[in-house]
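Below is one structure, written out as structure tokens; comments come after it.
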Amino acid sequence: MTRTFAFIVALMLASSHFAEAQSAGDAVFAGTQVHTINLRFPRADYWDSLTVYYAQGNEQYIMAHAVIDNVAYDSIAVRLKGNSSYTYPNNKKSFRLAFDEFVGTRKWDGLKGVHLNNMWGDPSFMREKLHLDFCRDAGIAAPRGNYARLLVNDTLFAFYSLVEHVDKTLLDTRFANKAGDLFKAVDGIGDSDSLLSDFAWYGSDTAAYAPRYELKTDGSITAWHQLLGFIDTLAHQSDAASVLAAKADLPQLSKAFAADNLFGNLDSYLNSGRNFYVYFHSKTGKMKWVVWDAGLSFGAYGGGVSSPENMNVAYIVNPDTRPLFGKIVSTPSLKTAYLQTLCELSTQYFRSERLFPHIDSVATIIRPFV
């Protein structure tokens, strides 16, 4: 009887620990899955509203009722998103879904929001998923990816890449911290000289940086001071090895940059200067990197590189115009550490023995939908 009771207690404790260990989105992004999302818009002019609000650029949502994997979610928020992907030559635009916009407590598997990316520029429909799975396995801070079959008003609409939203929920799971300041890189499309999150120095007035970095932390009084202080240090301190180690999570930065290099992901800081978040940890003060928008990996974004599969392992479009990574590859000790990181990622994770079976598995699962 005592032994039975002890077993039951142990089982209860184990079950409790397992439940506590689950993070938001673990069920949604487990393995490779195709979720079914049906958006029912109560307004007949929903498409006109979506496109007009997109054109206005204010990220305004409209309401829809959703049925996701046979579970109903009333009053969720929907808007169109994207830049180049918005030029997709039909109505298959990318969507942003916010579950808590109209009902503050509403979530899907603990998630406050997700993205439906239309996989513009990727006829394989696998680039984003493979890159994000690689980041997950290698311990690189990034959202997770899966797939969704989208219906609109009960009619099949299109097949999408389903991606986790970068918000406080994600920051808490990746960094055990969500009280810091978060910036997103601007897109820099159409005017790359003046609209890039390049970490270059443009003077001590924070107004010069406002068009270059999108602050995601509402009401912060520290964010611009931290960002400007980091850029000032990067630009004006000669001992890059010491100052960067004090100001940034260098091993984490090296991992993210090395992964972009391995995947030939040039629509990133290495080349285009886009598609990333930076987060200033509220306890350590160090800047951390979050990968974003890997849909043009495997060389789909040329960026002036004719053979991305043969790129230099320390490739950067210009060390002067990308000074963050430029300082890393031009400082011997930092470059050595970066190359060691790239070597470890290559030999442990970027191997045909590991990648090819995963590619085949993903292809098998999504083939009926593509």
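I'd like the Karplus ³J(HN,Hα) series for the stretch 255-266: coefficients 6.51, -1.76, 1.60, θ = phi - 60°, whole numbers in Hz, and an x wherever there's a Gly or Pro.
For the stretch 255-266, the Karplus curve yields 4, 5, 5, 5, 5, 4, 5, 4, 8, x, 8, 8 Hz.
Excluding same-chain residues fewer than 8 positions from LYS216, which lysines have a Cα within less than 23 Å of its Cα?
LYS81, LYS107, LYS112, LYS168, LYS178, LYS184, LYS247, LYS283, LYS286, LYS288
For the chain, what does the helix formula give at 222 nm: sum of -39500 (n - 2.57) over DSSP H segments with n ≥ 4, over the residue count, nearest 500 deg cm²/dmol?
Theoretical 222 nm ellipticity from helices: -10500 deg cm²/dmol.
Stick to Cα atoms and the Kirkwood definition of Rh, then tell me Rg/Rh for the stretch 83-148.
1.02
Whenever you get a sec, line up CYS135, CYS343 from highest to lowest accessible area (probe 1.4 Å, protein heavy atoms).
Reading off the accessible areas and sorting them downward yields CYS343, CYS135.
What are the principal axis extents of the Cα atoms in the chain, in Å, biggest first?
On the principal axes, the chain reaches 67, 60, 45 Å in Cα extent.
Kindly rank 236-247, 289-300, 272-283 from highest to lowest mean number of other beta carbons found within 10 Å of each residue.
289-300, 272-283, 236-247
For a distance above 13 Å, tell me the whole-number percent of Cα pairs in the stretch 250-321 that qualify.
So the pairs more than 13 Å apart make up 64 percent of the total in the stretch 250-321.
Quick one: which residues, 5 or more positions from TYR349 or on another chain, have an amide H under 5 Å from its amide H? H modelled 1.01 Å from N in the peptide plane, none for Pro or chain starts.
Placed amide hydrogens put nothing under 5 Å from TYR349.
If you stretched the chain out fully between ASP218 and SER84, how much longer would it get, using 0.36 nm times the residue separation minus the C-alpha to C-alpha distance?
45.5 nm
Viscosity 1.002 mPa s, temperature 20 °C: Stokes-Einstein D of the stretch 171-320 from its Kirkwood Cα radius, in µm² per second?
Estimated via Stokes-Einstein, D reaches 133 µm²/s.
Could you give each residue of the stretch 240-248 its phi-based ³J(HN,Hα) in whole Hz, using Karplus coefficients 6.51, -1.76, 1.60 with θ = phi - 60°, and x for Gly or Pro?
3J(HN,Hα) across the stretch 240-248, in whole Hz: 4, 4, 6, 6, 5, 5, 7, 9, 9.
Determine ³J(HN,Hα), in whole Hz, for all residues of the stretch 74-83 in sequence, where each value follows from phi through the Karplus function 6.51 cos²θ - 1.76 cosθ + 1.60 and θ = phi - 60°; x replaces Gly and Pro.
7, 6, 9, 9, 9, 8, 7, 8, x, 10
The values are calculated or read from the model by the stated rules, or taken from the named source; none is laboratory data. Everything quoted here is computed from the prediction, not taken from an experiment. Positions of Cβ are backbone-derived with ideal geometry, glycine not excepted, and every protein chain shown enters the neighbour counts. Quick note on the areas: whole protein, heavy atoms, side chains included, nothing else; ligands and nucleic acids left out. Shrake-Rupley method; radii C 1.70, N 1.55, O 1.52, S 1.80 Å.
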